[in-house]
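Structure first, commentary second.
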Amino acid sequence: FAEDLHLEDITRRFAVSQYYACRLFKEQTGISPMKYLIRRRVGEAQTLLLATERSVEEVAAAVGYANPNYFSTVFSRVVGLPPKRYRQESTWASGA
């Protein structure tokens, strides 16, 4: 999930069409490959934000986002809070 993945590379490796791969993935998981990747990256980012002292920029890079601003936008859309606020509110709620 931290790598720069492209559906085209994956489908080429397994010699299947992108359409078929997306359809099969969605049948098995209930979501598209891109939504899965985003959720996986954001989930890992949540863990890193709470378990480490890494900056938001470092967390973004660790989960595969080269642009920290874009990472913050995606994170906010999925979680409902920007990464810094998520860390603050989660830390406050846990009493740390």
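Being under 16 Å from Pro68 (Cα atoms), among the hydrophobic types (A, V, I, L, M, F, W, C) and not in a helix (DSSP H, G or I): is that true of Ala2 here?
Criteria met by Ala2.
Taking Arg85 and the conditions (1) closer than 24 Å to His6 by Cα; (2) open to solvent by 40 Å² or more (accessible area, probe 1.4 Å); (3) at pLDDT 95 or above, which numbered condition does it fall short on, given that it satisfies the others?
(1)
Can you confirm whether segment 6-15 contains a residue that is at negative phi, open to solvent by less than 70 Å² (accessible area, probe 1.4 Å), among the polar types (S, T, N, Q) and touching a Lys or Arg at 6+ places or on another chain (Cβ under 9 Å)?
No, segment 6-15 contains no residue that is at negative phi, open to solvent by less than 70 Å² (accessible area, probe 1.4 Å), among the polar types (S, T, N, Q) and touching a Lys or Arg at 6+ places or on another chain (Cβ under 9 Å).
Could you look through segment 16-39, keep only residues that are under 22 Å from Gly64 (Cα atoms), open to solvent by 60 Å² or more (accessible area, probe 1.4 Å) and hydroxyl-bearing (Ser, Thr, Tyr), and pick out the one that is nearest to the chain's Cα centre (by Cα)?
The qualifying residue nearest to the chain's Cα centre (by Cα) is Tyr36.
Of the residues in segment 67-96, how many are in a loop (DSSP other than H, G, I, E, B) and of a type in the set (Ser, Thr, Tyr)?
Adding up the residues that qualify gives 0.
If you check every pair at least six apart or on different chains, which have Cβ atoms under 9 Å apart with a residue in segment 59-81 that is closer than 13 Å to Thr47 by Cα first and a residue that is in a helix (DSSP H, G or I) and among the basic types (Lys, Arg) second?
Val63/Arg40; Val63/Arg41; Phe75/Arg41
Among the residues in segment 55-66, are any surrounded by fewer than 16 Cβ atoms within 10 Å (Cβ to Cβ), at pLDDT below 95 and either hydroxyl-bearing (Ser, Thr, Tyr) or not in a helix (DSSP H, G or I) (or both)?
Within segment 55-66 (the criterion being surrounded by fewer than 16 Cβ atoms within 10 Å (Cβ to Cβ), at pLDDT below 95 and either hydroxyl-bearing (Ser, Thr, Tyr) or not in a helix (DSSP H, G or I) (or both)), the answer is yes, since at least one residue qualifies.
The values are calculated or read from the model by the stated rules, or taken from the named source; none is laboratory data. The model shown is predicted, which means the values in this text are computed figures rather than measured ones. Because the Cβ atoms are built from the backbone with ideal geometry, glycine has one as well, and the counts that use them run over all protein chains shown. With ligands, DNA and RNA removed, areas are computed over all heavy atoms of the protein, side chains included. Shrake-Rupley method; radii C 1.70, N 1.55, O 1.52, S 1.80 Å.
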